[in-house]
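The numbers here are math on the coordinates, done by the rules we state, and not lab data. Predicted, not measured: the structure shown is a model, and the values here were computed from it. Reconstructed Cβ throughout: ideal geometry from the backbone, glycine too, with neighbour counts over all protein chains shown.
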Amino acid sequence: MNWITRWKKIGIKVKQIFKKQPIGQEATDWKNCPQCKKISYKPDLFDNSYICECSFHFDLPPKLRLDYLFDSTYEIIEAPENIDPDPLNFEVKDGAREGYKYINKIKKYRKVTGQQTALMCASGSISNLNAVVVCFNPKFGAGRFGPAENEHFLKAANIAIQKKVDIWIVVYQSSGIDVHTGVTGLAGMTKSIIAMNEIKKNNIPTFCVAARATAGGTYASSFFMHDFIIIESKCVENLLFSGKRVTANILKGTDQIPDDFGTAPGIMKSGLADITLENRKELKDTITKLANIILKKEETKTTEEAYENPEDFKKTASTAS
Ligand SMILES: [Zn+2]
C-alpha cells in the first residue's frame with residue numbers, strides 16, 4: 001500500500017464519519033413534510049394519527065399502530081430466543097468498507113427500536129374480534145426480513161392457529177429479504193408462504209396492509225397471499241419487486257415504465273390490491289366490516305335498535321302484549 005492509497009482510505013473514512021446522522025436528531029419535536037414542506041409539531045401529528053394537513057402519511061411507529069388497532073390491552077408476542085440474525089458472520093475484509101461487520105448494524109437497530117427483530121407482533125381484540133397482528137418496523141433496517149424475522153413471523157402464525165383467532169393482519173413496510181444472510185434469509189420467503197397456507201387451512205381471514213414501501217422478497221412471497229390487500233393511503237409507493245432504476249437497467253431504458261409504477265393508483269389499476277383508503281384512520285373500521293362479512297358476524301343489535309323508527313317498535317310491542 002503506497003501513501004496515495006493510504007490517504008484515499010483515510011479520506012473515505014472521514015467522509016463516512018461526516019455522513020453519519022447527528023446524535024439527537026430524533027429528539028426534535030418537529031417533523032418536516034416531504035410533500036408540502038410544512039413543519040409540524042409532533043404532538044399535533046400524534047393527535048392526527050401522524051397524518052400531515054396535506055394528507056401525507058408519516059411512518060407510524062409499530063407501537064402506536066398496535067395501540068390504534070387493538071380495542072384496549074394486547075399481548076406482545078416476543079421474538080424467539082437464540083435465533084442467529086447474522087448466520088454468515090458477514091463482514092468486509094478489505095476495500096473502502098473494510099472492517100464493516102453486519103452484526104454491529106443489527107445491534108444498532110435493536111438499540112434504536114428496542115425490538116429484537118424488525119417485527120412487532122401482538123395478539124388481542126380488535127372490535128371484539130380475536131386477532132394477531134404482525135407489524136414491520138421501517139426503523140429496523142428498513143424492515144428487512146432476515147432469519148430472526150422469519151422465525152418471529154412463524155411464531156406469531158402458530159399462536160394465531162393455536163388460539164383459533166378470528167383474523168390475521170400483517171402491516172407491511174419492508175425493503176425485502178436481508179441480503180446479508182444469504183440462503184438462510186431467502187428461506188424466509190418459503191417459510192412465510194407455508195405459514196400463510198397453514199393460517200388459511202384453519203379458515204382464518206387474512207388482511208395485508210400496505211403501509212408504505214414493500215419490495216423484493218417480502219413483496220414476492222407472503223404479501224399477495226392474503227384474502228384482502230388494503231393500501232393504507234394514496235401516499236403509498238414503491239410496492240414492487242425491484243425499483244425503477246433496476247427495472248430500467250433490465251429494460252434498457254425507462255420508456256416502458258409507467259409513471260404510476262409501484263404507486264397506490266398504479267397497483268389498483270393493475271388489479272393487484274382490493275382497496276386504497278383515504279387515510280389510515282379508516283383502517284380499523286374497514287377491517288372490522290370485511291371480517292364481519294366473511295365470518296358472517298353481524299353487529300349485535302337490541303330488538304329496539306333493529307327498528308329504524310322507535311315508535312314502530314313501541315306499536316309492535318304493545319300489539320304483541
Ligand atoms: Zn404535508
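The modelled label-to-label distance for the pair LYS63/CYS36, using points 7 Å beyond Cα in the direction of Cβ, is 2.8 nm. Which entries of LYS42/LYS63; LYS155/LYS289; LYS234/LYS269; LYS164/LYS297; LYS63/LYS269; LYS31/LYS234 have Cα-Cα distances beyond 23 Å here? Among LYS42/LYS63; LYS155/LYS289; LYS234/LYS269; LYS164/LYS297; LYS63/LYS269; LYS31/LYS234, the Cα-Cα distance tops 23 Å for LYS155/LYS289; LYS63/LYS269. May I ask you to derive the FRET efficiency for SER72 and SER270 from their Cβ-Cβ distance with R0 = 30 Å, giving the value to the nearest 0.05? Working from the Cβ atoms, E equals 0.20.
Placing a label point 7 Å from the Cα of GLU278 along the Cα-to-Cβ line, the residues of the range 226-252 whose backbone N sits under 17 Å from it are 231-236. Taking every C-alpha pair closer than 8 Å and separated by at least 6 residues, the mean separation divided by the residue count of the range 60-295 gives a relative contact order of 15 percent. Highest mean packing first, where packing is the average number of other Cβ atoms within 10 Å per residue, the peptides 185-196, 92-103 line up as 185-196, 92-103. Using C-alpha pairs under 8 Å with a sequence gap of at least 6, the mean separation divided by the residue count of the range 68-121 gives a relative contact order of 35 percent. Using the Karplus relation 6.51 cos²θ - 1.76 cosθ + 1.60 with θ = phi - 60°, the per-residue 3J(HN,Hα) values for the range 237-243 come to 8, 6, 8, 6, 7, 10, x Hz, with x marking Gly and Pro. Under the simplified labelling scheme, the ASN82-ASN203 pair shows an inter-label distance of 3.8 nm, with each label point 7 Å from Cα along Cα→Cβ.
In a shell of Cβ-Cβ distance under 11 Å around ILE294, excluding ILE294 itself, what net charge do Lys and Arg (+1) and Asp and Glu (-1) give? Net local charge, ILE294 excluded: +1. For ARG144, the residues whose amide H sits under 5 Å from its own are SER175, ignoring neighbours fewer than 5 places away on the same chain, with H placed 1.01 Å from N.
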